[in-house]
1. Filter region 214-253 for residues that are among the charged types (D, E, K, R) and under 9 Å from the mean Cα position of the chain (by Cα) and give the result.
2. Could you grab me the full set of residues in region 97-132 that are under 29 Å from residue 216 (Cβ atoms) and aliphatic (A, V, I, L, M)?
3. Suppose we filter 217, 252 for residues that are touching a helix residue (DSSP H, G or I) at 6+ places or on another chain (Cβ under 9 Å) and surrounded by fewer than 19 Cβ atoms within 10 Å (Cβ to Cβ); which single one remains?
4. Going through region 220-241 one residue at a time, which ones are charged (D, E, K, R) and surrounded by 14 or more Cβ atoms within 10 Å (Cβ to Cβ)?
5. Using beta carbons and a limit of 9 Å, which pairs, at least six apart or on different chains, have the first residue in region 35-48 and in a helix (DSSP H, G or I) and the second one of a type in the set (Lys, Arg)?
6. When residues of region 4-38 are filtered for being β-branched (Val, Ile, Thr) and either under 14 Å from residue 56 (Cβ atoms) or not assigned by TED's automatic domain parsing to the domain that holds residue 57 (or both), how many remain?
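The values are calculated or read from the model by the stated rules, or taken from the named source; none is laboratory data. These numbers come from a predicted model, not from an experiment. In this analysis, Cβ positions are derived from the backbone assuming ideal geometry, glycine residues included, and neighbour counts consider all displayed protein chains.
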Amino acid sequence: MILRSKKEITRFQILVEIAAHQPDVMQKEIASRIGITPQAVSEYIKDLVLEGFLYSDGRVRYRVTKNGIEWVLERAIELKKYARFVMEDIVSHISVATAIARENFTRGESVSLMMENGLLYAGKDGEVTGITISDAMDGEDVGVTELKGMISFPPVNITICKVPRVEKGGSRNVDYDMLKKLVQEKPYIAAIGVEALISLHKINIKPNTLFGAKESVVEAAYHGLSSIVVSVDEEVPGLLNRLESEGLNYEVVDLRKIKRE
């Protein structure tokens, strides 16, 4: 984890600053922004050049290399995951969580929380305990504070099903036997593109989401929901980039009836 080492944090900051201002890099400005001396910046830059994270043309002009960019992205993903952990797991312990009441509750009552199908419920049996902040009837929203414990999630996997563009047959060129099998395996279904939507309609499936599907799938994953995304093939690369940026597991299935890669 990058936060365990001050040296790694400084290297990360320097690479980010250079990437933002390359190729003309003012070491004094970098030093001022990240709070170290220009001499220290110079030493770090020398090491980064030797390691292949920076390229220099010998005239105090630097560029972040492909290896440097990959290193920065890996650390950025670590930081993003840590920030999500702080916001969702730590801060939530001292704030109020909103759940759906499974029975009638009175203010100040001890309850347990559990996650089911991406939604938080308050009942009597669960992994996390807390105290209600108000009365609530069965089925109502209820606030719970003084949270203790952590909710565990099952492994999340996302299946991306490619359907061809309309010029290549669209929904008429889809393996529906395979699609029917795949949609039965996931609790959350998203569609990207009209071809994908019609393909789902042909097997009598209404997707959970159509617009904003990429972000919706990511959000579902962080609520413990595995999903299937039926997408027109030209939208798949952008979706894969989004999932990789979040470090989510996925598989890609080509649904074309003819020729699978």
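1. Residues of region 214-253 that are among the charged types (D, E, K, R), as a first pass: 214-215, 219, 233-235, 242, 244, 246, 251.
Of everything in region 214-253, those that are among the charged types (D, E, K, R) and under 9 Å from the mean Cα position of the chain (by Cα) turn out to be 215, 219, 242, 244, 246.
2. As a first pass, look at region 97-132 and keep what is under 29 Å from residue 216 (Cβ atoms): 97-102, 111-123, 126-128, 130.
Those that are under 29 Å from residue 216 (Cβ atoms) and aliphatic (A, V, I, L, M): 97, 99, 100, 101, 111, 113, 114, 115, 119, 120, 122, 128.
3. On the way: 217 fails: surrounded by fewer than 19 Cβ atoms within 10 Å (Cβ to Cβ).
Result: 252 is the single residue among 217, 252 that is touching a helix residue (DSSP H, G or I) at 6+ places or on another chain (Cβ under 9 Å) and surrounded by fewer than 19 Cβ atoms within 10 Å (Cβ to Cβ).
4. To start, the set of residues in region 220-241 that are charged (D, E, K, R) comprises 233-235.
Answer for region 220-241, where residues must be charged (D, E, K, R) and surrounded by 14 or more Cβ atoms within 10 Å (Cβ to Cβ): 233, 235.
5. From residues that are in a helix (DSSP H, G or I), the pairs are 38/28; 41/28; 44/7; 44/11; 47/11; 48/11.
6. Taking region 4-38 as the starting set, the residues that turn out to be β-branched (Val, Ile, Thr) are 9-10, 14, 16, 18, 25, 30, 34, 36-37.
Those still in the list that are either under 14 Å from residue 56 (Cβ atoms) or not assigned by TED's automatic domain parsing to the domain that holds residue 57 (or both) too: 14, 18, 25.
Matching residues across region 4-38 total 3.
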